[in-house]
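Encoded as structure tokens, the structure appears first; notes follow it.
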Amino acid sequence: MVVEVRELAKRVDNAGEPLTILHEISFAVAAGETVAIVGASGSGKSTLLGLLAGLDLPSSGSVVLAGERLGVLDEDARAVLRGRLLGFVFQNFQLLPSLTAIENVMLPLELAGLPKARAEAEYWLQRVGLAQRLKHYPKHLSGGEQQRVALARAFAPGPQLVLADEPTGNLDAATGHQVIELMFAINAERGTTLILVTHDEEIAARCGRRMRMHAGQIEEIT
């Protein structure tokens, strides 16, 4: 299994009162699966994604990524693991504004110590249709172009798992459709495991599995 979630719970303090965001949820995702997680705002989807990435730690339970239990790793070790295993696609793109498109794609390659980072980044920007935008800064790119850079950055290091959080949320319908088509095409080519958080039921229906979150609990959609 690429992902194993075991009785995962997250509780926070809310003005002196305990608030449970996730209620001891469990599931597993095999290599190459595409999984959509749907649910209303506030249902715990983004919290879950942050825990899967090791960006936050649970109150109880565990997350195991490719055999590595995140809870026993310190922050630095989790960052190294993310660089080795994970790619991310965010709703708001999360490109570094001071870096050009090619530099944004090169960054995770360089951090992972992978060879020929520039050549690899050029290839990926060509793959997402941005061969003419290599030296453009994010502020000079449209939303759709920024998300294409984000796709290139996510897939370039060859991750086992890509986490996508509302990847079309800041795009118009036509641009969002193009980005989703590209993401699924690349994911199929590479055989990457994909976990996608979305409000869009049509996008969710394209995944091999669908799960719904409600009030911090999760269930399979059959």
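The values are calculated or read from the model by the stated rules, or taken from the named source; none is laboratory data. Everything numeric here is computed off the predicted structure, so don't read it as measured data. Methodologically, a virtual Cβ is constructed for each residue, glycine included, from the backbone with ideal geometry; neighbour enumeration extends over all protein chains shown. For accessibility, only protein heavy atoms count, side chains too; no ligands or nucleic acids. Shrake-Rupley method; radii C 1.70, N 1.55, O 1.52, S 1.80 Å.
For the reader, a short list of remarks on this structure follows.
- Rounded, prolate or oblate (a/c below 1.5 giving rounded, otherwise prolate when a/b exceeds b/c) for the chain by Cα gyration tensor: prolate
- Each Lys or Arg adds one and each Asp or Glu subtracts one; over the other residues with Cβ under 14 Å from the Cβ of Ser59, this totals -1.
- Taking Lys and Arg as +1 and Asp and Glu as -1, the other residues whose beta-carbon sits under 14 Å from that of Lys116 total -2.
- Mean separation of Cα contacts under 8 Å, 6 or more apart, over the residue count of the range 74-189: relative contact order %: 37
- Over the chain, relative contact order from alpha-carbon pairs under 8 Å, at least 6 apart, %: 29
- With the helix formula -39500 (n - 2.57) applied to DSSP H stretches of n ≥ 4, the chain reaches a computed 222 nm mean residue ellipticity of -10500 deg cm²/dmol.
- Nonpolar atom fraction for the chain, defined as the carbon and sulfur part of the 1.4 Å probe accessible area, stands at 49 percent.
- Surface accessible to a 1.4 Å probe, Phe88 within the full protein complex, Å²: 50
- Within the listed set Gln94, Gln147, Gln160, the Gaussian network model of the chain (springs between alpha-carbon atoms below 10 Å) gives the highest mean-square fluctuation for Gln94.
- The residues of the range 8-112 expose on average 47 square angstrom of accessible surface per residue, using a 1.4 Å probe on protein heavy atoms.
- Loop sites in the range 50-138: GluC sites (Glu not before Pro), DSSP, at most 10 other Cβ within 10 Å: none
- Straight-line reach from Lys116: taking Cα to Cα under 19 Å and skipping same-chain neighbours fewer than 8 places apart, the lysines in range are Lys135.
- Accessible surface calculations at 1.4 Å, restricted to protein heavy atoms, place the range 134-178 at 41 Å² per residue.
- Packing, taken as the mean count of other beta carbons within 10 Å per residue, orders the peptides 31-40, 198-207 from highest to lowest as 31-40, 198-207.
- Difference of contour (0.36 nm per residue) and Cα-Cα distance, Ala112 to Ala30: 27.1 nm
- Cα gyration tensor, the range 158-220 - rounded (a/c under 1.5), prolate or oblate: oblate
- Local net charge near Ser26, Cβ-Cβ under 12 Å (Lys/Arg +1, Asp/Glu -1): -4
- Gyration tensor (alpha-carbon) shape descriptor, the range 102-171, a/c threshold 1.5: oblate
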